[in-house]
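One structure is given here, and the rest of the page talks about it.
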Amino acid sequence: MKALFRYLLTLILFGSALAQAGESSTCLTRGTGDMGIIVERASGSLKVVDRSAHSVLFQVDGLGDLSHASAVYSRDARYAYVFGRDGGLTKVDILCGKIVNRVIQGGNSIGGAISQDGTLIAVSNYEPGGVKIFSAEDLSLVLDIPATKVTDKRGAKTVGLVDAPDQLFVFSLYDTGEIWVVDMSNPKQPQITKHQNVGLQPYDALITGDGRYYIAGLFGEDGLAMMDLWHPEKRPGKILEHYGKGDKKLPVYKMPHLEGWAMAGDEAFLPAMGQHQVLVAKRGEWKETGRIKVHGQPVFVMARPDGRQVWVNFAFPNNDTIQVIDTESKQVVKTLKPGKGALHMEFSPRGEEVWISIRDLDEVHVFSTRTMELTHKLKVKKPSGIFFTNRAHQTGL
């Protein structure tokens with residue numbers, strides 16, 4: 001009997017070891033520096049990719065409505081935090097290709113940010129409005145910040161949420177024309193500063209890479225609202241107030257995304273609302289210095305990491321086109337026609353290539369930025385946002 005017992009115990013232990021080995025073998029043992037995720041907007045799923053090999057490592061399902069999804073990364077670049085349109089906040093382990101945790105924190109979410117120290121995840125909401133801040137570790141709620149009320153049932157839509165140095169989160173309120181700054185340096189005693197009447201209908205925003213300037217686009221009027229975070233005692237002011245004045249504006253089929261502003265040297269390249277133009281402005285002075293005529297209404301205006309080129313995509317009906325601007329000559333030097341639904345772009349960290357989602361072809365195309373030629377294609381179902389892990393170490397991304 002003892003021999004039989006020892007035999008059965010050995011089988012159980014051996015089976016357990018196999019199970020554990022099988023479980024651990026599904027997780028990769030490697031660095032994450034050349035990895036990323038691609039959002040599959042129609043199916044609520046992600047592709048985890050190897051950027052160097054131009055290959056898919058995992059598919060992760062069950063992330064809900066990803067029709068306007070964005071993501072940030074943990075400091076070790078192992079975990080992606082994905083913000084879904086259905087209010088879902090999902091923590092994904094990209095080395096194992098699986099969901100670690102998921103919460104439904106709102107009714108209609110529009111983006112989020114991770115704090116400077118990597119411990120907090122903030123999510124902005126259209127419904128019911130406001131911002132919620134969670135623990136990056138277990139997604140437990142740390143702080144609920146209701147927005148200014150616009151009806152008995154709803155607060156103002158919150159947009160343009162970014163992280164900033166010194167444990168700050170900054171966001172705008174679309175309906176009420178406000179910019180709020182949340183200081184989370186002491187999570188038990190958060191400090192909220194509210195700036196009112198910054199402009200009509202701020203719809204999106206960005207923060208410059210050095211964390212100094214927070215700039216919100218204004219849908220309800222020409223120009224932009226800007227806050228200098230080095231001088232928080234100063235209220236936000238207006239910049240580029242007169243662009244588009246007196247010009248006949250075109251219908252706006254898709255709102256420009258200011259997060260994709262191109263900062264190249266001491267110049268900013270930005271989409272002109274309702275115009276077939278890219279505006280050029282001098283950093284610091286924030287005065288318009290030029291305009292570049294382009295193929296359609298720009299959506300993303302993105303700079304190669306070295307600032308040598310700006311790549312631009314366009315709203316419907318011109319969303320089959322990508323144009324490349326030389327930042328020295330301010331001229332369009334290349335027009336590409338990759339296909340309908342060329343929606344999102346992401347540069348490799350050193351800028352040797354750019355990945356572009358071609359939604360209507362169910363493909364992601366990779367272009368060399370040196371030759372501006374197509375080098376690789378990946379099959380991805382209805383791709384939209386592409387997020388590489390180098391974002392883990394960049395303010396505002």
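Throughout, read-outs are computed from the coordinates displayed, never taken from laboratory work. Treat the numbers as computed from the prediction; the structure is a model and nothing was measured. Neighbour counts are summed over all protein chains in view; Cβ atoms, including those assigned to glycine, are modelled from backbone coordinates with ideal geometry.
Consider the candidate values (i) 1.02; (ii) 1.31; (iii) 0.97; state which one is Rg/Rh (Cα atoms, Kirkwood Rh) computed from the structure displayed.
Answer label, from the structure shown: (i).
Please compare each pair in Lys149/Lys282; Lys91/Lys282; Lys287/Lys334; Lys132/Lys234 to a cut-off of 29 Å on the Cα-Cα distance and tell me which ones are over it.
Lys149/Lys282; Lys91/Lys282
Can you pull the one-decimal nm distance between simple spin-label points at Arg75 and Val366, each 7 Å off the Cα toward Cβ?
3.1 nm
Please state the relative contact order of the chain as a whole percent: Cα pairs under 8 Å, 6+ residues apart?
With pairs under 8 Å counted, the relative contact order is 11 percent.
Return the distance in nm (one decimal) between the two label points of a simple spin-label model at Asp144 and Ile99, each offset 7 Å from Cα along Cα→Cβ.
In this crude label model, Asp144 to Ile99 measures out at 2.2 nm.
Go ahead and set up a Gaussian network model of the chain, Cα springs under 10 Å, then flag whichever of Ser185, Ser74, Ser45 fluctuates most.
Residue with maximal mean-square fluctuation among Ser185, Ser74, Ser45: Ser185.
To the nearest 10 degrees, how steep is helix 2-25 against the longest Cα principal axis of the chain, on a 0 to 90 scale?
10 degrees
Using a Gaussian network model of the chain whose springs link C-alpha atoms within less than 10 Å, name the residue from Leu378, Leu46, Leu28 with the highest mean-square fluctuation.
Sorting by GNM fluctuation, first place goes to Leu28.
Which value at 222 nm does the chain reach when only helices count, each DSSP H run of 4 or more adding -39,500 (n - 2.57), with the total divided by all residues and rounded to the nearest 500 deg cm²/dmol?
-2000 deg cm²/dmol
Each residue of the stretch 54-69 in order: what ³J(HN,Hα) in whole Hz does its phi give by Karplus 6.51 cos²θ - 1.76 cosθ + 1.60, θ = phi - 60°, with x for Gly and Pro?
Couplings: 6, 9, 8, 9, 9, 10, 10, 9, x, 9, x, 7, 10, 5, 9, 8 Hz.
Note down the magnitude of the dipole of the chain about its Cα centre, charges +1 on Lys and Arg C-beta and -1 on Asp and Glu C-beta and zero elsewhere, to the nearest 20 debye.
The dipole magnitude comes to about 620 debye.
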